Amino acid sequence: MPVNKEHRSVLLILADGASCDAFEQLLSVDRLPAIRKHVIERGGYARMTTAFTSTTGPAYLPFLTGCFPGTADIPGIRWFDRKAFDEGPFWSPHRFRSYCGWEAPFFDRDLHADVRTMFELVPDSVNVLGPVTRGLGSGRNLRFRTGGLLLALAHAFGWYEPLDRMGAQALLQNLSRSAAFRFVVLPAIDGISHNTAPSHGRTLRAYQHLDRTVERVAAALQEQGTYDCTAILVCSDHGLSPTHTHYDVAKFLRKEMRLSTLHYPMIFKRNPKASVHVSGNAMAHVYLRNGSDWRRPCFREDIGDVVPDLKERLLDAEAVDIALTRDREGWIWIESRRGCGRVRERGPVIEYETDGGDPFGYSPLPKIMTAYEGLERTFDTDYPDGPVQAAQIFRSRRCGDLVLSARPGYDFRERWEFPEHRSSHGSLHRLHMMTPFACSFPFEQRALRSVDVFPSMLAWLGRPLPERLDGMTFMELAASFRRAAAGPGI
């Protein structure tokens, strides 16, 4: 029997760092029975692309705002603001950012003012361990007084399992409270993977804890009579891949290019010539001072004059897979060992051109495509949604002049990374960009992006959609694919 929209609610469980390969392998051997029974069999399962940068924090934004990180103006877990750096006082904490430490509470402040969060649009919401809190009412942000301490201990000593247990317990205790939307983050899969491997025994046990959480939630919802009207969604913000080699980009700029370089934690430097900010750790923003101050961006045409041979030497590095730059005409240039291309956004369509080989290794693509046509044509490649993701990150005024994506097996941070990362994410590669998605209400299982979840949840709740969105509802998306398949004139 259909459920009245007035009684519907949504529970979104974000298993940080859950990868398609591990998730699907555990499903295939029946080690995620609760997720199969209470979510997938009632609705469905599909692979879904996340957003670049595929990193904790920025990659939460599509689920909670329907916007890409570039649209939301948070282009990484670390970034540099050239205008604030040039005009702000030396001691200002807002000239650059790292959400990995004490600056994490600035996340809401840094969001673009025009972006609306789910918590603003659905006031009767609850947040458990999520960093985005804009719009939450009093008592509805369950990060706990001890949450910061536990996160610090988890990072230092690898104790991520207590965080998952705490988050699950807080969710269960809150289920009896009226809420149309609940968002809970379980960080253990990501944290344990960084310290060990995506397929390590501890990592796989964290997936099983996720499954037990779903089982306990389903039992509680059944007991209180809200099971049928609660949509349960299980998702991830990024995948991971093992890391065998660290290539420190900041160290390369300092030692090899002789550039005074600002980077975390060495952030209070006077008159730096460059700034490097790594996310995940398989992507990096590189900022260059173009002239006597930081006010002017460094376009593609300028890089060779500002630092001769920089781009070429980085592309020669074994660790660097893809380099992105922008030119004065609005093109985003994509370069790799495979070739060179460029993409430009034109309202609802993108223009995509290559010169020689395709930088992503794609078969020939149309020169003009809708964004979703680009997604569907590239979904099953090593770089799903590559052109759109390369373009959207440059919407942010905080984006680097040069954006690097690492090859699988490599990352961009070595010094000051304690404990050592044995797995990484953040890049444009499918290992990081492709994520699992399970949903207890039916949807057409086609090429999906994480930005599509936000409007679909609002539509399921019967709430109006905001104007500033990068995603489409599952229903709209399915209709657009059917129109495309029918051909022109239909």
- Item | Residue (of Ala197, Leu253, Val388) at the positive-pole extreme of the chain, dipole from beta-carbon charges | Leu253
- Item | Length-normalised contact order of the chain in % [C-alpha pairs under 8 Å, at least 6 apart] | 27
- Hull surface divided by four, with the convex hull built on the Cα atoms of the range 108-260: how many nm²? 12.3
- Item | Distance between the range 19-36 and the range 88-138 - C-alpha centres, whole angstrom | 33
- Backbone HN-Hα couplings from phi across the range 421-438 [Karplus 6.51/-1.76/1.60, Hz, Gly and Pro as x]: 7, 9, 9, 9, 7, x, 7, 8, 6, 4, 4, 9, 8, 8, 9, x, 9, 10
- Note on the structure: Calc'd 3J(HN,Hα), the range 243-256, phi into Karplus 6.51 cos²θ - 1.76 cosθ + 1.60 (θ = phi - 60°), Hz, glycine/Pro = x, comes to 10, 10, 9, 9, 10, 7, 5, 4, 5, 4, 5, 6, 7, 8
- Place a +1 charge on the Cβ of each Lys and Arg in the range 326-466 and a -1 charge on the Cβ of each Asp and Glu, then give the dipole magnitude about the Cα centre in debye, rounded to the nearest 20. 320
- Item | Gain upon complete extension [Lys37, Leu172; 0.36 nm per residue less C-alpha separation] | 46.7 nm
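Where the only charges are on Cβ atoms (+1 Lys, Arg; -1 Asp, Glu), what is the dipole of the chain about its Cα centre, to the nearest 20 debye?
So the dipole magnitude of the chain works out to roughly 940 debye.
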- Item | Label-reachable residues, the range 255-286, where backbone N falls under 15 Å from a point 7 Å from Phe90's Cα toward its Cβ | 267-272
- Item | Dipole-positive endmost among Cys67, Pro33, Val276 within the chain (Cβ charges, Cα centre) | Val276
- Please report, in debye to the nearest 20, how large the charge dipole of the range 110-234 is about its Cα centre when each Lys and Arg carries +1 at its beta carbon and each Asp and Glu carries -1 there. 300
- Carbon/sulfur fraction of accessible area - the range 1-98, other protein chains in place, 1.4 Å, %: 53
- Item | For Ser241, residues with placed amide H under 5 Å, excluding near neighbours | Ser424
- Going residue by residue through the range 339-349, the Karplus relation 6.51 cos²θ - 1.76 cosθ + 1.60 with θ = phi - 60° gives ³J(HN,Hα) values, rounded to whole Hz and with x marking Gly or Pro, of x, 9, x, 8, 9, 9, 8, 10, x, x, 10
- P(r) of the range 364-434 over all Cα-Cα pairs, 5 Å bins starting at 0, rounded to whole percent, reads 3, 14, 21, 19, 19, 14, 5, 3, 2, 0
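Based on the Cα coordinates of the range 39-166, what is the per residue volume of their convex hull in Å³?
156
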- Item | At R0 = 30 Å, FRET efficiency that the Cβ-Cβ distance of Arg205 and Gln445 yields, to 0.05 | 0.60
- Message: Quick check: Cα centre of the range 157-172 to Cα centre of the range 183-238, how many Å?
- Response: 11
- Note on the structure: Per the Cα gyration tensor, the chain corresponds to an equivalent ellipsoid with semi-axes, largest first in Å, of 35, 26, 21
- Query: Of all accessible surface on the range 180-315 at a 1.4 Å probe, what whole percent is carbon and sulfur?
  - Reply: 48
- Task: With unit charges on the beta carbon (Lys/Arg positive, Asp/Glu negative), name the residue among Gly101, Phe90, Ser405 whose Cα is farthest towards the positive pole of the charge dipole of the chain.
- Result: Phe90
- Calculate the radius of gyration of the Cα atoms of the range 327-404 to one decimal place, then report Dmax, the largest Cα-Cα distance, as a whole number, both in Å. 11.7, 32
- Amide H to amide H under 5 Å from Phe437: which residues, 5+ apart in sequence or cross-chain, H placed 1.01 Å off N in plane? Ala46, Met48
- Query: What is the Rg over Rh value, at two decimals, for the range 336-481, using alpha-carbon atoms and the Kirkwood definition of Rh?
  - Reply: 0.99
- Roll a 1.4 Å probe over the protein chains and send me the accessible area per residue for the chain in Å². 39
- Gain in span if fully extended, Phe106 to Arg134, counting 0.36 nm per residue against the direct Cα distance: 9.0 nm
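The values are calculated or read from the model by the stated rules, or taken from the named source; none is laboratory data. For clarity, every value in this text was computed on a predicted model and none was experimentally measured. As a convention, Cβ positions derive from the backbone with ideal geometry for all residues, glycine included, and neighbour counts pool all protein chains shown. Accessible surface areas use protein heavy atoms only, side chains included; no ligands, DNA or RNA. Shrake-Rupley method; radii C 1.70, N 1.55, O 1.52, S 1.80 Å.
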